[in-house]
């Protein structure tokens, strides 16, 4: 639906300024959570994501929203035969075998119709056909760059596999999001060499720095949680940066409206709105991200929150010239 703003114009409250609003989505289905969840424990969220994605695309199209969809390469596969055919020569050898998605191939069905948890070519087609949507990569296998046993050689083989799968469908991948936000300088060097021009970095500060799973301590998670509902660490807006690939750092993870924290979701939405507003005042960028399956448990409630944020963006666009941007190839509007 197209968002229409009402009430007193923001132009009456602040002087005209500008800013950039970036959205990226980490599209992974079950590949992104299989190390700790399965169809039985999380399948409803995965199927809910398949309902939510077309609604997100409709909302984006109606309001001229640009976005980057970072997609796990395996989701491109039409069937299990193609999945098996795209396995790279060098696979990750994680110390914790649960991290390797290659270990779950035996449970995967024949194709998207029989196994909607692991295949998504029809959804990718919908994304590609929606104006303003950029398709980026979330690596081939949901590769964990910083976990013990991962190597730069295996990461390069994985990324090459993702590039090949996309190329078969006429898609050039120019942006990358790193699973679990894990990366180091060596991984960025490989991305640059393989033609990736932009990546999503992390917000500044100790709580958000890239780290392997066992280093994501309770203290870090707790501080991120408090920040999500209060903005105590600031708006996390960003200024354009150079480099190859260029960093388009995250500002805020759009947390799901779910569970015990659902009643606090309005506080979270208000925190994001304040960050977007502060970004306009600074003439900077604001980068919002989430996983489609985050919407899967309560599609209606989560779409309502997203619609509120898009409404706020439309107000900032109409009043101050804030522009909607993808991470990479699509121009801002």
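The values are calculated or read from the model by the stated rules, or taken from the named source; none is laboratory data. Note that the coordinates shown come from a computational prediction; the quantities given were computed from them, not determined experimentally. Counting neighbours? That spans all protein chains shown, and the Cβs are built from the backbone with ideal geometry, glycine included.
General observations
- Residue in the range 186-200 that is under 22 Å from residue 282 (Cα atoms) and at pLDDT 95 or above present: yes
- Residue under evaluation residue 17, criteria (1) outside any helix (DSSP H, G or I); (2) surrounded by 15 or more Cβ atoms within 10 Å (Cβ to Cβ); (3) at pLDDT 95 or above, criterion not met: (3)
- Selection within the range 275-286 - in a helix (DSSP H, G or I) and either within 21 Å of the chain's Cα centre (by Cα) or at positive phi (or both): 275, 276, 279
- The lone exception for residue 126 - which of (1) touching a residue at least 60 places away in the same chain (Cβ under 8 Å); (2) crowded, with 20+ Cβ neighbours inside 10 Å; (3) within 22 Å of residue 290 (Cα to Cα) it fails: (2)
- Residue 220 meets the conditions (1) farther than 27 Å from residue 156 by Cα; (2) touching a strand residue (DSSP E or B) at 6+ places or on another chain (Cβ under 9 Å) in every case but one. The failed one is (2).
- A residue that is in contact with a strand residue (DSSP E or B) (Cβ under 6 Å, 6 or more places away or on another chain) and not in a loop (DSSP other than H, G, I, E, B) occurs somewhere in the range 316-323.
- Top-ranked residue in the range 31-47 [being part of a helix (DSSP H, G or I) and free of Cβ contacts under 8 Å to residues at least 12 places away in the same chain; ranked as nearest to residue 105 (Cα to Cα)]: 40
- Residues in the range 91-115 that are touching a strand residue (DSSP E or B) at 6+ places or on another chain (Cβ under 8 Å) and not in a loop (DSSP other than H, G, I, E, B): 1 in all.
- Residue within the range 184-198 that is out of contact with any helix residue (DSSP H, G or I) (no Cβ under 7 Å at 6 or more places or on another chain), under 30 Å from residue 64 (Cβ atoms), in contact (Cβ under 8 Å) with a residue 40 or more places away in the chain and part of a loop (DSSP other than H, G, I, E, B) present: yes
- Options 249, 203; residue that is in a loop (DSSP other than H, G, I, E, B), in contact with a strand residue (DSSP E or B) (Cβ under 6 Å, 6 or more places away or on another chain) and within 20 Å of residue 272 (Cα to Cα): 249
- Unique match (being at pLDDT 95 or above and assigned to a helix (DSSP H, G or I)) among 161, 149: 161
- Residues in the range 48-58 that are in contact (Cβ under 8 Å) with a residue 60 or more places away in the chain and surrounded by fewer than 16 Cβ atoms within 10 Å (Cβ to Cβ): 2 in all.
- Sole residue being in a helix (DSSP H, G or I), within 23 Å of residue 129 (Cα to Cα) and in contact (Cβ under 8 Å) with a residue 12 or more places away in the chain, chosen from 61, 70: 61
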